[in-house]
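Please read the structure below before turning to the comments.
The values are calculated or read from the model by the stated rules, or taken from the named source; none is laboratory data. This structure is a prediction, so every number in the text was calculated from the model and none was measured. Methodologically, a virtual Cβ is constructed for each residue, glycine included, from the backbone with ideal geometry; neighbour enumeration extends over all protein chains shown. Side chains are part of the model used for accessible areas, which takes the heavy atoms of the whole protein and leaves out ligands, DNA and RNA. Shrake-Rupley method; radii C 1.70, N 1.55, O 1.52, S 1.80 Å.
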Amino acid sequence: MTDTREHHRQRSEFIREIVQCSSGELPTNAKDSHRIPRTIVQFWHDLRDLPDDVKECIDSWARWTRTGFTHRLFDENSAAAFISSRLGPRHHQAFGRCYHPAMQADYFRLCYLAIDGGFYVDADDVCIGADIDWLFTDSRLKIQPLCYDVGSGTMVRPSVFRSADANSPEWIFYFNNNPLIADREHPIIMRALGRATDLIERAEDCVALEIQETTGPGNLSRSIFDWGSMRRSVDNELFVLREWESIAISKWPLSYRADARNWRHANQQAFRRELRDQE
């Protein structure tokens, strides 16, 4: 499962074509309206120590319960219990080897959506949209595209990389794993969960896996590329959220981003040991 530089290039080009060819419009005559469960799912590893600024973000999604949506907030313990009861010991053990809260959140969202379906969104996103009902219409997996400029070390603005034929040798196109909106047992989610589980199982106990490629956006993008390569088209299973920034924004700064709870600071390191050293 090792990715080569050429494979990364092919994957980026594959995703670029999907993103730039997508209209971003749902079919007006969708027959499977509201097939996706109207459940908003979130994760914070320790609800006993929920930062106030993160709670404000979560509350922006919990408010949708007033209009008929269900909101479910999990922590490490309740997520482990869900995985154990619904998926069994194999996936429960894999979750237990997720050494950082970001990795736990990555893996849990795949487990939850594979079993129950719904709308997973990160706890540090703030809902600014006035309507989310349409996200549950049409049963395709709905995901956000991203683009990174290696040369400048910065993200490319969506308004730039979404334009037809916009490209650069320095750009890497990929799909974020936030949000993920899907019906239960969606084939792409199932593939991403299977790949993540295999990678975790195959790693030696002393190895802290790279989070993004194992359970995060890299894993999802690789799974979509592999799945699409076998079928030549993903249009029937995938919907690109071209205007996600009109629905939600990732809030900066947040208090937890300055410590080991930020995966960028603790990636491939012993998260729990770092927290102890800070106390």
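Any idea which residue in segment 197-214 is most open to solvent (accessible area, probe 1.4 Å), counting only those that are over 18 Å from Ile143 (Cα atoms), assigned to a helix (DSSP H, G or I) and not polar (S, T, N, Q)?
Arg202
List every residue pair whose Cβ atoms lie under 9 Å apart, where the two residues are 6 or more positions apart in sequence or sit on different chains, the first residue falls within segment 186-203 and is at positive phi and of a type outside the set (Lys, Arg), and the second residue, located anywhere, is surrounded by fewer than 21 Cβ atoms within 10 Å (Cβ to Cβ) and part of a helix (DSSP H, G or I).
none
Six or more apart or on different chains, Cβ under 7 Å: which pairs go from a residue in segment 108-131 that's within 26 Å of Pro187 (Cα to Cα) and part of a loop (DSSP other than H, G, I, E, B) to one that's open to solvent by 10 Å² or more (accessible area, probe 1.4 Å) and basic (Lys, Arg)? Could you list them?
That search, which allows pairs on different chains as well, returns Asp116/Arg184; Gly117/Arg184.
Identify, please: which residue in segment 3-37 is at pLDDT 90 or above, in contact with a strand residue (DSSP E or B) (Cβ under 8 Å, 6 or more places away or on another chain) and of a type in the set (A, V, I, L, M, F, W, C) and is, among those, farthest from Ser221 (Cα to Cα)?
Within segment 3-37, the subset at pLDDT 90 or above is 9-20, 36-37.
Pick out the ones that are also in contact with a strand residue (DSSP E or B) (Cβ under 8 Å, 6 or more places away or on another chain) and you get 11-13, 15-16, 18-19, 36-37.
Still in the running and of a type in the set (A, V, I, L, M, F, W, C): 15, 18-19, 36.
Numbers: Ile15: 8, Ile18: 12, Val19: 12, Ile36: 22 Å.
This residue is Ile36.
Scan (1) surrounded by 21 or more Cβ atoms within 10 Å (Cβ to Cβ); (2) more than 21 Å from Ala248 (Cβ to Cβ) for the single condition Ala81 breaks and write down its number.
(1)
Could you say whether any residue in segment 88-108 is open to solvent by 30 Å² or more (accessible area, probe 1.4 Å) and farther than 19 Å from Arg202 by Cβ?
Within segment 88-108, not a single residue is open to solvent by 30 Å² or more (accessible area, probe 1.4 Å) and farther than 19 Å from Arg202 by Cβ.
Name every residue in segment 54-108 that is at pLDDT 95 or above and of a type in the set (Ser, Thr, Tyr), in order of residue number.
Answer for segment 54-108, where residues must be at pLDDT 95 or above and of a type in the set (Ser, Thr, Tyr): Ser60, Thr65, Thr67, Thr70, Ser78, Ser84, Ser85, Tyr107.
Asp183 versus (1) out of contact with any helix residue (DSSP H, G or I) (no Cβ under 7 Å at 6 or more places or on another chain); (2) modelled with pLDDT under 95: which is the lone unmet condition?
Every listed condition holds for Asp183 apart from (2).
Please tell me if Asp46 is touching a residue at least 12 places away in the same chain (Cβ under 8 Å) and buried (at least 19 other Cβ atoms within 10 Å of the Cβ). Even if it seems obvious, please write down each step before you answer.
Values: touching a residue at least 12 places away in the same chain (Cβ under 8 Å): yes; buried (at least 19 other Cβ atoms within 10 Å of the Cβ): no.
Taking the combined requirement at face value, the residue does not satisfy it.
Which residues, taken from segment 54-70, are within 21 Å of the chain's Cα centre (by Cα) and closer than 18 Å to Lys251 by Cβ? Walk me through how you get there before you give the answer.
The initial filter retains those residues of segment 54-70 that are within 21 Å of the chain's Cα centre (by Cα), namely 54-62, 64, 69-70.
Passing the criteria: Val54, Lys55, Glu56, Cys57, Ile58, Asp59, Ser60, Trp61, Ala62, Trp64.
Residues of segment 35-69 being in a strand (DSSP E or B) and closer than 20 Å to His186 by Cα, which ones? Break it down into steps so the answer makes sense when it comes.
If we filter segment 35-69 for residues that are in a strand (DSSP E or B), which is where we start, we get 39-43.
Within segment 35-69, Thr39, Ile40, Val41, Gln42 meet the criteria.
Among the residues of segment 165-191, write down those that are surrounded by fewer than 21 Cβ atoms within 10 Å (Cβ to Cβ) and in a strand (DSSP E or B).
Passing the criteria: Trp171, Ile172.
Here are the criteria: (1) part of a helix (DSSP H, G or I); (2) in contact with a Leu (Cβ under 8 Å, 6 or more places away or on another chain); (3) of a type in the set (D, E, K, R). Tell me which single one Arg90 does not satisfy.
Going through the list (1) part of a helix (DSSP H, G or I); (2) in contact with a Leu (Cβ under 8 Å, 6 or more places away or on another chain); (3) of a type in the set (D, E, K, R), Arg90 breaks only (2).
Considering only segment 143-164, how many residues are outside any strand (DSSP E or B) and more than 13 Å from the chain's Cα centre (by Cα)? Step through it out loud before you land on a result.
Filtering segment 143-164 down to residues outside any strand (DSSP E or B) leaves 144, 150-153, 156-164.
Checking which are more than 13 Å from the chain's Cα centre (by Cα) leaves us with 150-153, 156-164.
Number satisfying all stated conditions: 13.
Out of Arg162, Arg140, which single residue is in contact (Cβ under 8 Å) with a residue 40 or more places away in the chain, open to solvent by 10 Å² or more (accessible area, probe 1.4 Å) and within 17 Å of Ser246 (Cα to Cα)?
On the way: Arg140 fails: within 17 Å of Ser246 (Cα to Cα).
After ruling out the rest, the residue left standing is Arg162.
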